[in-house]
Amino acid sequence: MKRHGVFVCCLLAAGLVLFGCSSAYYAALEKVGIEKREILVDRVEAARDAQQDAQTQFKDALEQFKALVGYDGGKLEAMYESLRATSDASTAKAREVRDRIAAVKDVAEALFKEWGGELQQYSDAGLRRKSQRQLNETRARYARVVAAMDKAAARMDPVLAVLHDQVLFLKHNLNASALGSLEGTSSSLQKDVDTLIADMQAAIAEANRFIGELTAAK
């Protein structure tokens with residue numbers, strides 16, 4: 001989309017405001033030559049990138065938690081504040097991932113609705129069948145990628161819950177004894193983060209395949 005210049009950049013930024021009126025947003029972009037198919041590719045790319053960033057954030061959160069559990073120094077307040085900030089950052093990153101996935105779903109719904117409606121405009125039955133087959137194949141590929149993204153996004157919840165609970169607990173129990181009680185949580189959190197990372201990697205791979213297939217079919 002960069003080739004469309006500053007005007008399109010402004011439209012894309014305005015899309016955050018127009019999300020509740022997406023039909024007007026898509027219509028504005030189509031006037032400058034940007035079709036829903038292209039927007040879908042861009043949004044899948046953005047969702048993929050958000051998940052890549054989220055992987056890093058959750059890995060950092062895990063390392064921060066493990067560092068606090070094994071900490072035997074005297075400045076517990078500073079360690080707590082660092083974990084709290086990491087927990088907040090993880091929550092924000094999770095929100096971004098979900099927002100990106102929602103944006104993918106929004107444009108996909110608009111694209112498939114438009115595509116299905118236009119099938120009736122064909123006078124050539126052969127071309128109509130070909131377009132119907134392409135629509136079905138694109139829907140199937142889309143279903144795989146969005147299912148993978150949703151699965152990975154759901155994996156964020158257990159990790160966020162643990163981080164939130166531990167930060168809340170430490171807020172009122174900031175001492176060596178409290179840190180010792182976190183050791184059991186550390187291993188379960190490690191498993192949750194490992195599962196999350198694996199599912200995000202799978203979702204990213206699906207996104208890359210979808211982007212490649214949709215781009216190749218242009």
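Every number in this text was worked out from the coordinates using simple rules, so none of it is lab data. The structure presented is a predicted model; accordingly, all values stated were derived computationally and were not measured. Cβ coordinates were reconstructed from backbone atoms using ideal geometry, including for glycine residues, and neighbour counts include every protein chain displayed.
Expressed as a whole number of Å, what is the distance separating the alpha-carbon centroids of region 114-147 and region 27-69?
One Cα centre to the other: 27 Å.
To the nearest 10 degrees, how steeply does helix 5-18 sit against the main Cα axis of the chain, on a 0 to 90 scale?
70
Just checking my list (i) 110; (ii) 131; (iii) 122 against volume of the Cα convex hull per residue in Å³ computed from this structure; which label fits?
(ii)
Compute the angle between helix 36-69 and the longest alpha-carbon principal axis of the chain, please, reported from 0 to 90 degrees and rounded to the nearest 10.
10
Top mean-square fluctuation among Gly184, Gly116, Gly126, Gaussian network model of the chain, C-alpha springs under 10 Å?
Gly126
Taking the chain as the reference, fit the longest principal axis to its C-alpha atoms, fit the long axis of helix 125-172 to the helix C-alpha atoms, and give the angle between the two in degrees, 0 to 90, nearest 10.
On a 0 to 90 degree scale, this one is about 20.
Hey, what number do you get for the chain at 222 nm if only DSSP H runs of n ≥ 4 count, each worth -39500 (n - 2.57), divided across all residues, to the nearest 500?
-31000 deg cm²/dmol
Once you keep just the Cα pairs under 8 angstrom separated by 6 or more residues, what percentage relative contact order results for region 41-216?
It rounds to 39 percent for region 41-216.
Farthest toward the dipole's positive end in the chain, which of Phe112, Gln201, Ala147, given Cβ charges of +1 (Lys, Arg) and -1 (Asp, Glu) about the Cα centre?
Phe112
Of the cross-linked pairs Lys59/Lys191; Lys93/Lys113; Lys75/Lys171; Lys75/Lys191; Lys105/Lys130; Lys113/Lys151, which ones have a Cα-Cα span greater than 20 Å in the structure shown?
Lys93/Lys113; Lys75/Lys191; Lys105/Lys130; Lys113/Lys151
Could you give each residue of region 89-96 its phi-based ³J(HN,Hα) in whole Hz, using Karplus coefficients 6.51, -1.76, 1.60 with θ = phi - 60°, and x for Gly or Pro?
5, 5, 4, 5, 5, 5, 4, 5
Between Lys105 and Ala92, 0.36 nm times their residue separation minus their Cα-Cα distance comes to what?
Length gained, Lys105 through Ala92: 2.7 nm.
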